[in-house]
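Notes follow the structure.
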Amino acid sequence: MGSVNRFPFPEVGDVLNYNYLFKADADRGAIEGRKARPVLVVAAGDGRVAVMPITTKGEFSSNRAVRLPTE
């Protein structure tokens, strides 16, 4: 029996909750994110999805995160 797709495949621009692993946490030895955080889908296709964290604080690099103002 084939697999059942219960959710639509994410598209570029979608915002999802994901246990994103920040580099600082990985550098301390973590292997997965500590809690679900909002992420922006920046690429999707061929069964793969690329995301960037959405943050108002914490780690920030213009090529690794999307910073939103706290307002």
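Taking all protein chains together and a 1.4 Å probe, the residues F9, F22 rank F9, F22 from largest to smallest accessible area.
Residues V15, V39, V49, ordered by accessible area of protein heavy atoms at a 1.4 angstrom probe radius and largest first, appear as V15, V49, V39.
The values are calculated or read from the model by the stated rules, or taken from the named source; none is laboratory data. If you're wondering where the values come from, they're calculated on a predicted model, not measured in any experiment. For accessibility, only protein heavy atoms count, side chains too; no ligands or nucleic acids. Shrake-Rupley method; radii C 1.70, N 1.55, O 1.52, S 1.80 Å.
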